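Heads up, the thing below is written out as structure tokens.
The values are calculated or read from the model by the stated rules, or taken from the named source; none is laboratory data. Just so it is clear, the model here is predicted, and its values are computed rather than measured. Note that each Cβ is placed from the backbone with ideal geometry, even for glycine, and that neighbours are counted across all protein chains shown.
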Amino acid sequence: MRLSDRADVCVVGGGLLGTAAAYYAARDGLRVVLVEEHELATGSSGAAFGGVSTMIFSHADIVVPEPYVRISQAAMDLYAELAEEYDPPLDYDVIGQIDLWFDPAERPHVHERVEGLRALGVDVQLLDGDDLREVEPALSKEVYAGTWAPQDGMVTPPMAVWAQAEAARRHGADIRVGVRADRILTDGGRATGVLTSQGEISAGAVVVCGGAGTRALADTVGLNVPLTCARGQLFVSERIPPLLRTSLHNIKQTRSGTMVYGITRESFTRVLNATTETTAAGAVELTSHALRTLPALRNVQLMRCWAGVIVTPADGYPILGPAPGIDGLFVGVMNRGVAMGPAIGRILADLVQTGGCAFDISAYAPSRFAGGATVKKEMPDAYYVPAG
Ligand SMILES: Cc1cc2nc3c(=O)[nH]c(=O)nc-3n(C[C@H](O)[C@H](O)[C@H](O)COP(=O)(O)OP(=O)(O)OC[C@H]3O[C@@H](n4cnc5c(N)ncnc54)[C@H](O)[C@@H]3O)c2cc1C
């Protein structure tokens with residue numbers, strides 16, 4: 001069947017970012033069509049751990065990138081607000097998060113990092129092992145120290161996608177699964193729609209949130225979106241009685257009682273691996289870390305494992321904003337889409353409507369990769385909060 005439609009905005013991608021953008025645009029009264037090649041939440045968003053945090057683990061710099069933190073803070077507020085509206089629920093819980101370590105050498109710049117975050121109003125404390133065990137009694141005696149961020153939370157990422165999509169539908173968005181965007185259509189330097197596997201959708205604006213698929217689609221209009229991909233594995237246990245009061249960086253207990261352990265370090269070291277197989281090495285790594293952290297897990301049965309692809313822009317920072325040289329085309333791709341998702345959706349919906357947004361996202365502009373550049377570009381000094 002060939003469809004030919006007219007929308008105010010066509011969103012590509014049914015993950016956390018695309019459904020958030022569709023939701024806000026539809027809530028603001030725009031006619032929205034979202035196309036998803038497979039099913040909703042089948043990309044990274046379906047595999048993610050679900051940490052909603054301001055702690056910015058993914059950038060091991062001493063200094064703290066301010067817009068990153070501001071957007072993450074806004075996302076937490078939006079999650080809290082939206083948890084009231086969404087049905088099905090998001091599974092969003094603000095129970096605080098601990099990032100812990102066993103040896104002081106594991107976090108050489110943690111003081112500077114904590115100071116930088118505190119300067120931005122993030123409630124985060126550096127605690128020694130005993131103080132951490134006051135907050136989280138299940139922690140092992142081996143834990144040396146950690147950071148404690150009581151405002152952090154967790155969400156079940158696929159549930160957040162389904163909730164956002166459902167809320168977007170309630171505001172009139174047309175969410176189409178099994179429809180692949182093959183090409184972005186342009187006319188006279190302006191995006192005019194998307195050619196899909198089921199025909200053409202003409203639209204006043206196009207928002208591409210295709211995760212790993214963003215690069216190929218952007219290529220159809222000569223837009224360079226350089227990405228790296230890495231595998232992250234996770235394990236989930238049987239349901240057990242309440243063990244954790246908080247969530248740990250990459251170990252959490254869900255509302256149903258299951259324990260989720262993630263994610264393998266291959267995802268941080270950027271050994272490029274875009275496969276989604278699970279491995280014995282991954283099981284050993286995650287279970288050893290979990291047992292060292294929480295000895296009570298010793299006899300808890302593992303139920304299932306999975307892996308997802310972590311998509312990271314070439315320089316580590318989000319690629320977010322208008323495409324250079326093509327009016328009405330916007331891109332959103334990053335590796336902390338759970339923590340930042342609702343705020344990114346809000347930003348994209350604002351960009352479509354007004355060309356601006358409430359945050360300084362100039363450092364994330366897709367134009368930094370124009371002309372094929374993929375090298376790491378230094379961010380402006382003003383972008384960082386000085387250490388200490
Ligand atoms: C194992 C793992 C753990 C993670 N843990 C965390 C975490 O704790 N906290 C955090 O903040 N982030 C985490 N992340 C990262 C986070 O999951 C992603 O940043 C986020 O899900 C990205 O959402 P997205 O909507 O951009 O992409 P995706 O969820 O990948 O969605 C993109 C969608 O676009 C579709 N698509 C692609 N191309 C096309 C096309 N041409 N036409 C139609 N549809 C198309 C895909 O099918 C896909 O469904 C984790 C990721 C993984 C894999």
Query raised in the report: Which ones in segment 348-388 are part of a helix (DSSP H, G or I), surrounded by fewer than 12 Cβ atoms within 10 Å (Cβ to Cβ) and at pLDDT below 65?
Result: Asp381, Ala382
Report summary line: Flagged in segment 299-346 as away from the ligand (no atom under 13 Å from the Cβ), among the β-branched types (Val, Ile, Thr) and over 26 Å from Ser247 (Cα atoms), in numbering order, are Ile326
**Report entry** Residues located in segment 168-180, provided they are more than 9 Å from the ligand (Cβ to nearest atom) and over 28 Å from Glu85 (Cα atoms)
**Finding:** none
Query raised in the report: Out of Ala363, Ala370, Ala349, Ala296, which single residue is within 21 Å of the chain's Cα centre (by Cα), small (Gly, Ala, Ser), more than 16 Å from the ligand (Cβ to nearest atom) and over 26 Å from Arg231 (Cα atoms)?
Result: Ala363
Report task. Output the number of residues of segment 143-189 satisfying the condition of being among the β-branched types (Val, Ile, Thr) and over 20 Å from Thr246 (Cβ atoms). Result -> 6
Query raised in the report: What are the residue pairs meeting all of these: first residue in segment 197-212, first residue buried (at least 24 other Cβ atoms within 10 Å of the Cβ), second residue acidic (Asp, Glu), Cβ atoms under 6 Å, and 6 or more apart or on different chains?
Result: Ile201/Asp5
Query raised in the report: Just one of the numbered conditions (1) touching a strand residue (DSSP E or B) at 6+ places or on another chain (Cβ under 6 Å); (2) in a loop (DSSP other than H, G, I, E, B) is not true of Ala21; which one?
Result: (2)
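Quick grid of which residues meet (1) farther than 26 Å from Val52 by Cα; (2) in a strand (DSSP E or B):
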position: Gln164; (1), (2): no, no
position: Ile175; (1), (2): no, yes
position: Val179; (1), (2): yes, no
position: Glu200; (1), (2): yes, yes
position: Ala205; (1), (2): yes, yes
position: Thr214; (1), (2): no, no
Query raised in the report: If you scan segment 181-199, which residues turn out to be within 14 Å of the ligand (Cβ to nearest atom) and in contact with a strand residue (DSSP E or B) (Cβ under 6 Å, 6 or more places away or on another chain)?
Result: Ala181, Asp182, Arg183, Ile184, Leu185, Gly193, Val194, Leu195, Thr196, Gln198, Gly199
Query raised in the report: What number goes with the only condition from (1) touching a Ser or Thr at 6+ places or on another chain (Cβ under 6 Å); (2) surrounded by fewer than 21 Cβ atoms within 10 Å (Cβ to Cβ); (3) in a helix (DSSP H, G or I) that Val236 does not pass?
Result: (3)
Query - Conditions (1) surrounded by fewer than 23 Cβ atoms within 10 Å (Cβ to Cβ); (2) outside any loop (DSSP other than H, G, I, E, B); number of the one not met by Ala191 - result: (1)
Report task. Please work out if Gly146 is away from the ligand (no atom under 14 Å from the Cβ), of a type in the set (Gly, Ala, Ser) and in contact (Cβ under 8 Å) with a residue 12 or more places away in the chain. Result -> yes
Query raised in the report: If you take just the strands (runs of 3 or more DSSP E) that sit entirely in segment 252-347, which of them hold at least 3 residues that are more than 18 Å from Arg215 (Cα to Cα) and outside the structural domain of Tyr144 (by TED's automatic domain parsing)?
Result: 258-261, 302-313
Requested in this report: Only residues that are assigned to a loop (DSSP other than H, G, I, E, B), within 24 Å of the chain's Cα centre (by Cα) and not small (Gly, Ala, Ser): list them for segment 112-140, please.
Outcome: Leu120, Val122, Asp123, Val124
